[in-house]
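The values are calculated or read from the model by the stated rules, or taken from the named source; none is laboratory data. Worth saying up front: this structure is predicted, and the values here are computed from it rather than measured. We place every Cβ from the backbone using ideal geometry, glycine too, and count neighbours over all the protein chains shown.
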Amino acid sequence: MQLDFRGAIRKALDDELTADPAVILFGEDIGAAGGAFAVTTGLQEKHPNRVLDTPISELALSGAGFGAALCGLRPVVEIMFGDFLPLAMDSLLNQASKFWYMSNGQASVPMVVRCVVGAGGRFGPIHSQTPIAWFMSVPGIKIVGPSTPADAYSLLRAAVRDENPVLFLEHKRLYTVKGEVSGEQQSIGEAAIVREGADLTLVSALRAVPDCLEAAAMLESAGISAEVIDLKTLRPPDIPTIVKSVKKTHRLMVVEEGPRTGGWAGEILAAVTEECLGVMQSAWRLTTADHPVPYSPGLEDAFLPSATSIVASVTQHMAGGKVDA
Amino acid sequence: MQLDFRGAIRKALDDELTADPAVILFGEDIGAAGGAFAVTTGLQEKHPNRVLDTPISELALSGAGFGAALCGLRPVVEIMFGDFLPLAMDSLLNQASKFWYMSNGQASVPMVVRCVVGAGGRFGPIHSQTPIAWFMSVPGIKIVGPSTPADAYSLLRAAVRDENPVLFLEHKRLYTVKGEVSGEQQSIGEAAIVREGADLTLVSALRAVPDCLEAAAMLESAGISAEVIDLKTLRPPDIPTIVKSVKKTHRLMVVEEGPRTGGWAGEILAAVTEECLGVMQSAWRLTTADHPVPYSPGLEDAFLPSATSIVASVTQHMAGGKVDA
Amino acid sequence: MRELVIDDVATDTMLDLYRQMFLIRIVEDACQDLYSKGLLHGTTHLCSGQEAVAVGANSVLGPHDRVACTYRGHGHSLALGMDLNAFIAELLGRQSGICGGRAGSMNLIDLEHRLLGCYGIVGGSVAAATGAGLAFRGTQRVAVAYFGDGAVNQAYFPECLNFSKVFGLPVVYVCENNLYGEFTPMDTVTAGTIMDRVRAYGVAASQVDGMDIRAVRTAMQGALESARNGDGPVFLEALTYRFAGHSKSDPGRYRAAGEFERWRERDPIRLAREALTSELGVAEDTIKQVETECAVRLAGAREAATEALFPDPGESVSEFKA
Amino acid sequence: MRELVIDDVATDTMLDLYRQMFLIRIVEDACQDLYSKGLLHGTTHLCSGQEAVAVGANSVLGPHDRVACTYRGHGHSLALGMDLNAFIAELLGRQSGICGGRAGSMNLIDLEHRLLGCYGIVGGSVAAATGAGLAFRGTQRVAVAYFGDGAVNQAYFPECLNFSKVFGLPVVYVCENNLYGEFTPMDTVTAGTIMDRVRAYGVAASQVDGMDIRAVRTAMQGALESARNGDGPVFLEALTYRFAGHSKSDPGRYRAAGEFERWRERDPIRLAREALTSELGVAEDTIKQVETECAVRLAGAREAATEALFPDPGESVSEFKA
Ligand SMILES: Cc1ncc(C[n+]2csc(CCOP(=O)(O)OP(=O)(O)O)c2C)c(N)n1
Ligand SMILES: Cc1ncc(C[n+]2csc(CCOP(=O)(O)OP(=O)(O)O)c2C)c(N)n1
Ligand SMILES: [Mg+2]
Ligand SMILES: [Mg+2]
């Protein structure tokens, strides 16, 4: 079935609501109005008692999701923008994600928190962030960030089925992307090689994946063969798949839409280095600068990774002395 | 002057309160009772109108600190345990740390948030965390974590003087450590080589620094010469100092009291790898496991890095094939 | 709170207030237009319908007071004195924008004109003003927070209200109740009443007709005086309505039938205009002239902003103040 | 809320309630002792003085109800039926502890006995119970949150109270007002009254003498019934006092002169004992026997726990449920 990314999300939610009466959706403006990004349109009419419009209370939303998950529901909570997650963070970090370990396995917390994330929409510094790094160091939580409608559908269904808290991130610049949605099952935690290559491994996620693919095509004409890996799950990251690739290509570049210092790209680079130091000829990150996302279009475009900036970075690293360093 | 770590913090606060009427302290139980860890004892009596006992309202505390800093005060807010920072995070991440950039330099936010952090005190999963990684990717914020009374004094004073928001972390297992406090000025952002060595660079912060020093002494008798770097400032990390050391020793080990995935040790390893890949013979992290801090003493001790586990890890890495890989 | 003194707004004051409201309204219309032309980006939250709160309340502030408001902050920004050129330039992402194009419509900051910021996080303004109030303890300065009905359910509000009451801070909290948070009617997500909630903290609270600029001024004068007197925080609920959608892409389908029309009858600009002509005897021509002047100013600012340079992406930026 | 029916507690019920309270008290004394002997680690928050709330309120719960409480949760845990051996073993960090030694005193969890957890974050219990209430919509089950006076100023409380009122959730919120948050007197950091705050949300609220176990039971029965009837959330403020310090290292210097002694007069265990002997005619010997039984049980559990194995640090642990 051809669907856009937004439609794939909607269908996954609809199918889960239909399949399991324990599934419940709640968030701000998601019901009657169908959501700030029109993702949940129609779901409340179809499942009136299980799609709820809530007050603007992010901490209560995540807290209620946590408690409900402990008592038999499978809540899918929408925190409208990923930028608002800090308001909900205590519940996710100190309650939901610790429960499985701390209770010594008495129960886990099967809840999903969905958010719109990412820059490029001219939404300015406080509606454009990608909140992965804030949660990357939180044991017990999974972070999923699909880049295609097919993955969005399959991984969101997997997230709702998962027994653990899952942060599910939807990049606002992907909502209109169209693609075939097969409905094929997928497991959280598996990265995919979305393009094979020999000279270099490009690792990324979310909106940067199409950028990497575009860059790989451009690099091809320059005689550089890039392997592109779509992480899909950011936490825990699928290091083995990357290591295998890097052992083949000997070069690693991680592309992250997010600040350089403390970003998840650092984790990937570190973990791969620990296993591949001896076989790597170069390893580096392309990220955004260490400042907030600017509003002005020209600033924002220059700030974000793009196919062009990826190509430029690759060319620089592969032409420079670093190749044989 | 000989002071314990707790006394050094207290003296820094006292001296700042005395020196500048714009300095104000507030937090839960810090006034009349002198703080949950007896750090602020006596300060309210001495500065009655500027040391305030507050409600249990972490978001309001950080929010009020932010607003007050915009209007001429230099607030020092205590968030009792670092574990509670997520409740205050929106204010720090979306308000305070973005102001300087977003306002195009109209003003910055000179506020300090102090917390007790760290494990080893048998405080269990929700009073033992080290919140560095949660904030490591937040542009505009500085994170300081001293390991000695002298640094605690000098860096806290520097933090209060800093024009930017500073998260100031006090490890609970350091409070009783004694040392000479000279009052010498120090700059935030500078790491220190606290022991010179030739074979290996050990990077750490907070309570792990004494562990590394102890490990270095043990390694010495095994014929391994370890250089020990105390980061002191976690964000932004002083990468040049580490790079210089690694270029000499060719080996990097980062020791972090915190979960492995997404921790700040990954950032250090990644940043150094980007500059030193060609000259490094090995590079790895010793961190805690990816689960919450356990309460049971035996579990907690085994969970934490220690001189012994550092030595074991070094021995393993330097004896194994990785040295020449 | 002390008995309020009715403030007989003099004719020229009223004409000036009208001028400000009118300007804000046509600025908001221009924003809509700039958006549709692709010059204003992302999203924007218009305050059309709420001008009497912005202009009325801010018109009685002192020069050393400070204000924090929300992403729906165009009216407040202009009422506080933000330069119109710098304002429009910011919305268009230009270097000459009040924040150099970095912040955009939702996050305007203008410290020189008392504006601590428009806060993109619901509730953020409440905290900023509470902190300002802490800095103003024992002075004659007052901090003002503007926020919506939806913000009352958000953590910042109750925590900060308690905080400022406990410390007796000079803060005026002004809730602009426009009946909706985004597309959701306030009463479907809000238990009890806002007034009761605030009074439960022992904070003096009153309601005011947010469409009547003179009523807003009077109420705000009383609130400011009380806060300035050291009587601690004060709360004002301004009953108002937004004539535009929540943000640029909202057709407003959630409105009950006839509701919009009823509120339109009470358009604050129309009410002020009526008061000027029928009560204060100002000639229609005088008002027309004021309106024309506003239109001319706006056109000039719009042109200047449209021609202004974009910031240079190559410029080096530090995340820290040195 | 419906008119409350006075519950004439039968003699053997009262004796059982007494047994539970007495056990909790001597358990708390034992904790103090275990702490001083270095067997109980870190910190611990005793509920001595507050037993009537824990025992009274939990004694009228149904088998399918669920409870969330705070780090001061020993009494609630035992009143809900947590195995005494597993309880003490947890405090001593043993493998046989209710959470395998991972959680400790502040974070006890026992789903089998209806306990969703003791929450180390002030306010955490409020959210957990609110979520449970969401899961219980339209059923006969009720969720209960216990929390302190200090939690009322913390973000979770107002947000969750509004949330559960808006959705009409079957949640009973029980505030154990013991006059202090740590070392800080409640009234110095709390504006207005707790009751007014709750009522402002349209939530039925009442106060109960938290030292009188029969009063607590009656009030809780009424609250549960109302929530079970689908009348939405209910609030109960139990007026109580902790006889111990906030946590293990607190000498309680903040208490006003004579305050401690006055509350000691109203020791809930002493009051219950008096009711048993003078009102219900239970022989002193019978009570002594109950007390001895408790002491014997405790001694046994303490011995078992002290001899229990510590968890194996080598055991492999996954952060996720598969
Ligand atoms: C913490 C937070 N949650 C959600 C949003 C998204 N959002 C923006 S405006 C808005 C509605 C706010 O309603 P109200 O407070 O009544 O103000 P109004 O827009 O009506 O002026 C919401 C939910 C946000 N910006 N911040
Ligand atoms: C969010 C949060 N802030 C602060 C603390 C530290 N703390 C633990 S107990 C406590 C006092 C709580 O007082 P109250 O709610 O009245 O409960 P009580 O301890 O009196 O039972 C504080 C401040 C915490 N655990 N969580
Ligand atoms: Mg509104
Ligand atoms: Mg209390």
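Some notes on this structure:
- Some residue of the range C:60-68 being surrounded by fewer than 24 Cβ atoms within 10 Å (Cβ to Cβ), in a helix (DSSP H, G or I) and away from ligand 4 (no atom under 16 Å from the Cβ): no
- Verdict on D:Arg264 being away from ligand 3 (no atom under 16 Å from the Cβ) and part of a helix (DSSP H, G or I): yes
- When D:Gly150, D:Gly123 are checked against the criterion of being on the phi > 0 side of the Ramachandran plot and near ligand 2 (Cβ under 8 Å from one of its atoms), a single residue qualifies: D:Gly123.
- Annotation: of all residues in the range A:97-109 being away from ligand 2 (no atom under 16 Å from the Cβ) and crowded, with 24+ Cβ neighbours inside 10 Å, the one that is nearest to the chain's Cα centre (by Cα) is A:Ser97.
- Residues located in the range D:163-192, provided they are of a type in the set (Gly, Ala, Ser), closer than 15 Å to D:Phe147 by Cβ and either at the interface with chain B (Cβ under 10 Å from one of its Cβ atoms) or within 15 Å of ligand 4 (Cβ to nearest atom) (or both): D:Gly181
- Test: residue in the range D:96-107 that is surrounded by fewer than 24 Cβ atoms within 10 Å (Cβ to Cβ) and at pLDDT 95 or above: yes
- Only one of A:Arg122, A:Arg114 that is at negative phi and either surrounded by fewer than 24 Cβ atoms within 10 Å (Cβ to Cβ) or among the basic types (Lys, Arg) (or both): A:Arg114
- All positions within the range C:279-288 that are part of a helix (DSSP H, G or I) and within 15 Å of C:Ile213 (Cβ to Cβ): C:Glu279, C:Ile287
- In the range D:161-215, residue surrounded by the most Cβ atoms within 10 Å (Cβ to Cβ) [restricted to those that are within 16 Å of ligand 1 (Cβ to nearest atom) and in contact (Cβ under 8 Å) with a residue 12 or more places away in the chain]: D:Phe163
- Candidates A:Gly34, A:Gly63, A:Gly72, A:Gly67: the one that is surrounded by fewer than 24 Cβ atoms within 10 Å (Cβ to Cβ) and within 14 Å of chain D (Cβ to nearest Cβ) is A:Gly72.
- For the range B:295-310, a tally of residues being in contact with a Pro (Cβ under 9 Å, 6 or more places away or on another chain) and not acidic (Asp, Glu) returns 7.
- A Cβ distance below 6 Å, combined with a sequence gap of six or more or placement on separate chains, defines the contacts here; from the range D:129-148, residues that are more than 10 Å from chain A (Cβ to nearest Cβ) reach residues that are more than 16 Å from ligand 2 (Cβ to nearest atom) and part of a loop (DSSP other than H, G, I, E, B) in the pairs D:Val142/D:Asp65; D:Val142/D:Pro170.
- Residue within the range B:166-176 that is without any contact (Cβ under 8 Å) to a residue 12 or more places away in the chain and in contact with a Leu (Cβ under 7 Å, 6 or more places away or on another chain) present: no
- Residue check for C:Glu90: within 13 Å of the chain's Cα centre (by Cα) and closer than 26 Å to A:Pro297 by Cα: no
- Qualifying residue in the range B:72-83 (condition: without any contact (Cβ under 8 Å) to a residue 24 or more places away in the chain and among the hydrophobic types (A, V, I, L, M, F, W, C)): no
- Any hit, the range B:132-146, residues being more than 14 Å from chain C (Cβ to nearest Cβ), touching a residue at least 40 places away in the same chain (Cβ under 8 Å) and closer than 18 Å to B:Leu13 by Cβ: yes
- Neighbours by Cβ (under 9 Å, 6+ apart or cross-chain): first from the range A:84-97, within 16 Å of B:Phe135 (Cα to Cα) and more than 7 Å from chain B (Cβ to nearest Cβ); second of a type in the set (D, E, K, R) and crowded, with 24+ Cβ neighbours inside 10 Å: A:Phe84/A:Glu58; A:Phe84/B:Asp90; A:Leu85/A:Glu58; A:Leu85/B:Asp90; A:Ala88/A:Glu58
- Residue list for the range A:225-275, filter: among the polar types (S, T, N, Q) and without any contact (Cβ under 8 Å) to a residue 12 or more places away in the chain: A:Thr273
- Within the option set C:Ser226, C:Ser206, being touching a strand residue (DSSP E or B) at 6+ places or on another chain (Cβ under 7 Å) and assigned to a helix (DSSP H, G or I) holds for one residue only, C:Ser226.
- For the range D:230-239, the count of residues that are crowded, with 24+ Cβ neighbours inside 10 Å and either more than 24 Å from D:Met21 (Cα to Cα) or among the charged types (D, E, K, R) (or both) is at least one.
- Residue satisfying condition, being more than 14 Å from chain A (Cβ to nearest Cβ) and free of Cβ contacts under 8 Å to residues at least 60 places away in the same chain, within set C:Ala275, C:Ala257: C:Ala257
- One residue alone among B:Asp20, B:Asp15, B:Asp29 is among the charged types (D, E, K, R) and at positive phi, and that residue is B:Asp29.
Residue by residue, here is whether (1) out of contact with any Phe, Trp or Tyr (no Cβ under 9 Å at 6 or more places or on another chain); (2) farther than 25 Å from A:Gly27 by Cβ holds:
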residue	(1), (2)
D:His76	no, yes
D:Ala79	yes, yes
D:Met106	no, yes
D:Ala127	no, no
D:Arg141	yes, no
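- Lone qualifier among A:Ile56, A:Ile24 - being of a type outside the set (Phe, Trp, Tyr), within 14 Å of chain D (Cβ to nearest Cβ) and within 19 Å of C:Asp250 (Cα to Cα): A:Ile56
- Among (1) in contact with a Cys (Cβ under 6 Å, 6 or more places away or on another chain); (2) surrounded by fewer than 24 Cβ atoms within 10 Å (Cβ to Cβ) - the single one A:Leu202 does not satisfy: (2)
- Top-ranked residue in the range D:301-322 [being touching a residue at least 60 places away in the same chain (Cβ under 8 Å) and more than 23 Å from the chain's Cα centre (by Cα); ranked as farthest from the other protein chains (Cβ to nearest Cβ)]: D:Ala304
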